[in-house]
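Below: the structure, in structure tokens.
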Amino acid sequence: MKCENCTKTECSKKQKNDENQSSTRESVDTREENGETSEFHKLAGKRVYLSDCLACDRCVSEEESQRISQQNQKELFGILNLNKKCDTSKHKVLVASLCPQSLPFFAVKLNLNIPEATKKLCSFLKSLGFHHVFDATLAADFSILESQKEFVERYRQRNQDQQALPMFTSACPGWIRYAERVLGSQVTPHICTAKSPQQIMGSLVKDYFAKQQGLAPETLYHVVVAPCFDKKLEALREEFYNSLQHSQDVDCVLTSGEIVHLMEQSNVPVEDLESTPLDHVFGDTEGADLARHDGSGAEGFLEHIFKFSAKELFGVEVEEIVYQSLKNRDFQEVTLQRDGEPLLQFAAVYGFRNIQNMIQKLKKGRFPYQLVEVLSCPGGCLNGKGQAHTESGKADKALLQQMGEVYTSLPVRLPETSAQVHRLYRDWLQGAESQKTQEALHTRYRPENPASSTADFKW
């Protein structure tokens, strides 16, 4: 199945196999861009956008398309209606997890601050029939902690293991899909094995929370509210499905825009919604105040890993990170120096145009970075197509600016300081170094067709 008018010869992200395709890619790379619109170039005279097809050398399969189409409002209401009609023994317990980058969108749309907008959103979801509504920042804490620990391990093994560095972050499903399907076996070993926050939340809900509630995982219906359509496809990955329990870690992903559409259809004035506090996986609200991580439009992986590594590897306390923009503000680097010599050099690469530039650096052997935070959306996760774009497919710049302002109004919380994280490492995972931690918080990324990988990277 092909997206819109897509053909393989028109896809600029397919490997260069002929002159026509090469010239198409060059025309894309040389266009003037302002960061927000770099995913939305028309390709080969057709209305085909880079963000519409992340399969690159192979379009989304018919089976994948069918399963993605099931992750929508109709599917959700089917579950809700069954809960109203069928025997109570067959009811599903509905759980919603809210991605932190979705919350600024609701704040702007409801004209409230983030804490109050989140309470209104919680009230609305429970009025639909949800039983529990969680903040997924807790899962992001785990993902960051596991990522920074893995980076330090890779850094120390760099002389013995050629695949140890560089390390690429793994939180963005668009980037992961591109790496697996196009870049192949020369890149996938370099991807951090920590699960994305969404999928760690899936493990947390279907394992720890289910046990706390005395429920079988398959009796829970877990919905994630996210800023990005790509999260729908991530939820369908085979490794996130338990065949013995017939349970997917995340059953359905709805974008922030889809939820706002539901709110608009309900015709319930915002002021009539109660202010309902979020639930907590421990069954209480202790320590459930909203907070964010360092980093404006993303989850803050680069900043947290950089500061942690500087202290752990070199004994340097980094108070503030200074970014240096390269070609544009979505390709930036951060350097830790001692006596003029670089100790650490990280990069933040957002948007597929910049990812293409990064790949060209790899092929030319001009790649000084030990870690790269890679996101497929220009500007970061706030700019997800599921919340920050107009119907024409362009970024809503005014909305993005407002979301950025309200997001930075939240206090910053270090993952290391979270009492809930420490409690879960102890009670759920049997320790930070346990086999349970490895199974619940990590996965592996593999090329879909290793033999087809023709990229020649000079690490």
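The table that follows gives values for the structure above.
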item	result
Computed log₁₀ I(q)/I(0) - Debye formula, equal Cα scatterers, no solvent, segment 139-190, q 0.26 Å⁻¹	-1.03
Simple spin-label estimate for Asn81 and Gln430 in nanometres, 7 Å along Cα-Cβ	4.4
Segment 201-347 - charge dipole about Cα centre, Lys and Arg +1 at Cβ, Asp and Glu -1, debye rounded to 20	420
Percentage relative contact order, segment 380-444, counting C-alpha pairs under 8 Å, at least six apart	15
For Leu371, distant residues with modelled amide H under 5 Å away	Met167, Gln345, Ala347
Carbon and sulfur %, accessible surface of segment 326-397 computed with the full protein complex present, 1.4 Å	42
Scattering profile of segment 320-374 at q = 0.21 Å⁻¹ [log10 I(q)/I(0), Debye over alpha-carbon scatterers]	-0.78
Listed residues Ile321, Gly393, Leu336: farthest to the positive end of the dipole of segment 290-398 (Cβ charges)	Gly393
Sorted peptide list for 182-195, 211-224, criterion being average Cβ within 10 angstrom, highest first	182-195, 211-224
Segment 367-418: Cα Rg divided by the 2.2 N^0.38 Å rule of thumb	1.47
Sum of side-chain charges, Gln160 neighbourhood, beta-carbon under 15 Å (Lys, Arg +1; Asp, Glu -1)	+1
Sequence-separation-based contact order of segment 140-190, relative, with Cα cut under 8 Å and 6+ spacing, percent	30
Euclidean distance between Cα centres, segment 171-222 to segment 369-409, Å	22
Too-long pairs where the Cα-Cα distance tops 19 Å, listed order kept, from Lys90/Lys206; Lys74/Lys126; Lys149/Lys311; Lys85/Lys119; Lys92/Lys211; Lys149/Lys436	Lys85/Lys119
Distance histogram in 5 Å bins (all Cα pairs of segment 165-207, percent per bin)	5, 23, 27, 20, 12, 8, 3
Antiparallel DSSP beta bridges within segment 328-409, as percent of all bridges there, nearest 5	65
Kirkwood Rh in Å, taken over all unlike Cα pairs in segment 277-420	17.3
Long-range amide H partners of Val224 with built H, under 5 Å	Ser97, Cys252, Val253, Leu254
Taking N as its residue count, the alpha carbon Rg of segment 128-274 over 2.2 N^0.38 Å	1.24
Computed E for Val270/Lys394 - FRET, C-beta separation, R0 25 angstrom, nearest 0.05	0.40
Pairwise FRET efficiency - Gln401 versus Glu317, Cβ, R0 = 35 Å, nearest 0.05	0.60
Under Karplus coefficients 6.51, -1.76 and 1.60, residue-wise ³J(HN,Hα) of segment 269-281 in Hz, glycine/proline x	x, 4, 5, 7, 7, 6, 9, 9, x, 5, 7, 9, 4
Solvent-accessible surface (1.4 angstrom probe) belonging to Tyr241, in square angstrom, nearest 10	100
Segment 204-289 shape via C-alpha gyration tensor axes, a/c threshold 1.5	oblate
In nm, spacing of pseudo-spin labels at Phe282 and Glu238 (7 Å Cα→C-beta vector)	3.9
Sequence-separation-based contact order of segment 250-320, relative, with Cα cut under 8 Å and 6+ spacing, percent	11
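The values are calculated or read from the model by the stated rules, or taken from the named source; none is laboratory data. Everything numeric in this text was worked out from a predicted model, so none of it was measured. Glycine also receives a Cβ, built like all others from the backbone with ideal geometry; neighbour counts cover every protein chain displayed. For accessibility, only protein heavy atoms count, side chains too; no ligands or nucleic acids. Shrake-Rupley method; radii C 1.70, N 1.55, O 1.52, S 1.80 Å.
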